[in-house]
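What follows is a short report on a single structure.
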Number of protein chains: 2
Amino acid sequence: MKKMNMVVAQSGGPSMVINQSLVGAVAEARKSPRIGKILGARHGILGILGGDYVDLRKQSAKKLAAIAATPSSALGSCRRKPDAADCRAIFEAFRKLDVGYFFYIGGNDSADAARIVAEEAEKEGYPLTVYHIPKTIDNDLRSCDHTPGFGSAARFVACAIKGDDLDNRALGGVKIDVIMGRDAGFLTAASALARVREDDGPHLIYLPEVPFSEDGFVRDVKAAMKKYGRCVCAVSEGIRGRDGVPIGAKLGSGERDSHGNVQMSGTGALGDALARVLKEKAKIARVRADTFGYLQRSFPGVASETDSREAFAAGQCAVRAALKGELSKGTIAILRAKGRKYQAAFAPRPIAEAAKYTRSVPKEFIARNGHDVTGAFIEYARPLVGALPATGTF
Amino acid sequence: MKKMNMVVAQSGGPSMVINQSLVGAVAEARKSPRIGKILGARHGILGILGGDYVDLRKQSAKKLAAIAATPSSALGSCRRKPDAADCRAIFEAFRKLDVGYFFYIGGNDSADAARIVAEEAEKEGYPLTVYHIPKTIDNDLRSCDHTPGFGSAARFVACAIKGDDLDNRALGGVKIDVIMGRDAGFLTAASALARVREDDGPHLIYLPEVPFSEDGFVRDVKAAMKKYGRCVCAVSEGIRGRDGVPIGAKLGSGERDSHGNVQMSGTGALGDALARVLKEKAKIARVRADTFGYLQRSFPGVASETDSREAFAAGQCAVRAALKGELSKGTIAILRAKGRKYQAAFAPRPIAEAAKYTRSVPKEFIARNGHDVTGAFIEYARPLVGALPATGTF
């Protein structure tokens, strides 16, 4: 078979382990005599359009190991949805560079971008194998049992809530913590992993999957205050009322990216609004709100070991699948082997399965009261996150 | 000498290592035949007033070791400034329990509370040795070269900024990170420890010690965007204009504690306001703001080793000094030994030196341009924080 060059790039929101996938793909590609140049495009497809590449074959093993362990997207990222003109420019660039393989690491929007590139290539008759490598802290790809990036972000959230619950224990009152997750509440649900003792927070967990009402919130908090004398709330940034419109989006700037997503992270507006509601309607004196923000996806030194290992393996698997050539446009599904001991399996699947549409927290993970998670969720999430730092209380 | 009982308590904002000081004091007290009961009052002086104690002599070594490594105040905290009536109630309680030693772990307000108790005891003729054990993430005690709690919070801030700078590198635009520190900018200054390469963020650092102007801010950010193509700003929650009034306090709820401190943490209002300024006045499309909030003092697993060790030693030292009896009301000063290798020294000092008044970031630590720190600050802070997780970039 003819030797071809490959391009790999990163897209969408960074994660703590997206560089593991990059380095996994590079490591696998280096093993194959059928891959020539290994080019990393900077800032996703923008780097392809602008001819801005890192020669990944030239990087030392030491450098690549350091990159793998580094949070955020080392090649840079973008949120660009390619149109037909972009695609033509991409193929022109690929033709000049003799590129036969294209790997795009990202979430559902990035999978959709890769799908568009792959379909346009077919239309144009440009021979290209395209693989999406899954990444999203939101854990909302329909193709995966769980996604690389989730375990580490969930670990940050669980640690943060654990510490914050200890802080709330010391000074009392209500603490509201706003957690990432535009449409899916998996990351907010992971706050429950912080609990060890019965009275540990979070005492209330609000997901976008359950319609949120101010009155219900006030009632829940009052009940928790009565029971525990304090209350820690884990609130998804994507909570929405019965009208389905995210409350945070109503408070925010209305800014949208090219995939149509409204900006919700990077502002403390939702937490502050909820704190005001409690002060006014529940007459609680000490109410504080923090928004965990970008630290959830970028804080160094907190990555889950399982997540790091799987993200690397997903990158390797994509390159192996592309070389095998069964699918011209694929994604890597991460599945969970049945059995008592946790084990992940990786399988190439048609790219459409990861693209565009997302999945929500399933019903069996949401407690009946609508403000907690079930034991089934804890069982699902614990192996992805790993053991948290031990703490003691009197 | 007569055997007396002791009471120890924690007050003010928690830190990641305040329990090290508690356990250090307990460990030292257990060694002395002159100390009988070792009682931990829950929620500071409120526990004394309410008779709510933990018997610290009964705790296992394993339990105490776990508590020491746990963030937040394991005994609970309060922000109560004792008045004469409180003090009379305290002495009545102490008399019944035969308490001769009182240790109060906290910041300047807690030192002041301990000073009040000590002075009222003298007036009443109640024989009591009172020691304040320093703790504050703000690093603003005039009696100390640096305070227990600061190194760990600074470590969190430096790690957070390091990760967030990598995130900003990937997606561009301006990122504003609001950092704790009501009056002193030490913690915000510590963001500079995140830098390795010349173009690493934070690119701008705003401390409460330098008057803040919106126009200057817009100008600085525009210049940084021109130079780096992106900009990470570390902003103290306590920044204030020429009128001396904190900008965050103007935006906030106006809530005050019994020491007269305005609430500034636990809200994203300042970051959001600064983001709006940049969007409107500098016409920058992507501006995000995060407020690090309570994670800075409570996140488990991030404590600085030096800080942990010194916090423990400060607790030990207070008990030793109290038993020695040179001062009837003291605090523990943490000094830095001269010489190339970092070394801390501990010394008992009159309690008034830690009480009430705070210190600011000294001039030699602030860069001439007013939005950065000097090499002298980096040299000062680095040993307190320790090495950060290694990261790699292309």
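Residue by residue, here is whether (1) under 22 Å from B:T391 (Cβ atoms); (2) buried (at least 24 other Cβ atoms within 10 Å of the Cβ) holds:
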| position | (1), (2) |
| --- | --- |
| B:V157 | yes, yes |
| B:I161 | yes, yes |
| B:D183 | no, no |
| B:R195 | yes, no |
| B:H203 | yes, yes |
Quick one: what pairs do we get from the range B:357-384, first residue assigned to a loop (DSSP other than H, G, I, E, B), second at pLDDT 95 or above and aromatic (F, W, Y), C-beta under 7 Å, 6+ apart or different chains? B:V361/B:F186; B:H371/B:Y206; B:T374/B:F365
Give the residues of the range A:377-394 that are more than 14 Å from every other protein chain (Cβ to nearest Cβ) and hydroxyl-bearing (S, T, Y), sorted by residue number. A:Y380
So in the range B:47-63, with the set limited to residues that are assigned to a helix (DSSP H, G or I), more than 7 Å from every other protein chain (Cβ to nearest Cβ) and in contact with a Gly (Cβ under 8 Å, 6 or more places away or on another chain), which one is surrounded by the fewest Cβ atoms within 10 Å (Cβ to Cβ)? B:G47
Go through B:F365, B:F394 for me and flag whichever is surrounded by 13 or more Cβ atoms within 10 Å (Cβ to Cβ) and under 30 Å from A:A303 (Cα atoms). B:F394
Test result for A:L75, in a loop (DSSP other than H, G, I, E, B), within 26 Å of A:A347 (Cα to Cα) and assigned by TED's automatic domain parsing to the domain that holds A:I18: yes
Out of (1) at pLDDT 95 or above; (2) more than 21 Å from the chain's Cα centre (by Cα); (3) not assigned by TED's automatic domain parsing to the domain that holds A:D83, the odd one out for A:A321 is which? (3)
Of all residues in the range B:69-109 being more than 13 Å from chain A (Cβ to nearest Cβ) and of a type in the set (S, T, Y), which is nearest to B:Y131 (Cα to Cα)? B:Y104
Of B:V262, B:V277, which residue is surrounded by fewer than 24 Cβ atoms within 10 Å (Cβ to Cβ), at pLDDT 90 or above and among the aliphatic types (A, V, I, L, M)? B:V277
State all residues of the range B:323-356 that are part of a loop (DSSP other than H, G, I, E, B) and either under 16 Å from B:D138 (Cα atoms) or touching a Gly at 6+ places or on another chain (Cβ under 7 Å) (or both); if no residue qualifies, say none. B:A354, B:A355, B:K356
For the structure I just gave you, tell me whether B:I179 is more than 14 Å from every other protein chain (Cβ to nearest Cβ) and either in contact (Cβ under 8 Å) with a residue 40 or more places away in the chain or surrounded by fewer than 19 Cβ atoms within 10 Å (Cβ to Cβ) (or both). no
Those residues that are of a type in the set (A, V, I, L, M, F, W, C), within 7 Å of chain A (Cβ to nearest Cβ) and under 13 Å from B:R195 (Cβ atoms), I need them from the range B:153-169; list them, please. B:C159, B:L166
Hey, among A:E305, A:E326, A:E310, A:E280, which residue is within 30 Å of A:K2 (Cβ to Cβ) and among the acidic types (D, E)? A:E326
Selection over the range B:292-334 where residues are closer than 19 Å to B:K162 by Cβ and aromatic (F, W, Y) yields a count of 2
Is there a residue being under 26 Å from B:D200 (Cα atoms), in contact (Cβ under 8 Å) with a residue 24 or more places away in the chain, more than 14 Å from chain A (Cβ to nearest Cβ) and among the aliphatic types (A, V, I, L, M) anywhere in the range B:325-333? no
Single match in A:T358, A:T306, A:T374 (criterion: of a type in the set (S, T, N, Q) and modelled with pLDDT under 95): A:T358
Across the range B:2-17, the tally of residues that are away from chain A (no Cβ under 12 Å) and under 17 Å from B:T136 (Cβ atoms) stands at 1
In the range B:78-100, which residues are more than 28 Å from the chain's Cα centre (by Cα) and part of a helix (DSSP H, G or I)? B:A85, B:R88, B:A89, B:F91, B:E92, B:A93, B:F94, B:R95, B:K96, B:L97
How many residues, within the range A:279-322, are among the aliphatic types (A, V, I, L, M), within 12 Å of chain B (Cβ to nearest Cβ) and not in a loop (DSSP other than H, G, I, E, B)? 3
By residue number, the members of the range A:264-277 that are within 12 Å of chain B (Cβ to nearest Cβ) and either among the charged types (D, E, K, R) or not in a loop (DSSP other than H, G, I, E, B) (or both) are A:A269, A:L270, A:G271, A:D272, A:A273, A:L274, A:A275, A:R276
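The values are calculated or read from the model by the stated rules, or taken from the named source; none is laboratory data. For clarity, every value in this text was computed on a predicted model and none was experimentally measured. Glycine also receives a Cβ, built like all others from the backbone with ideal geometry; neighbour counts cover every protein chain displayed.
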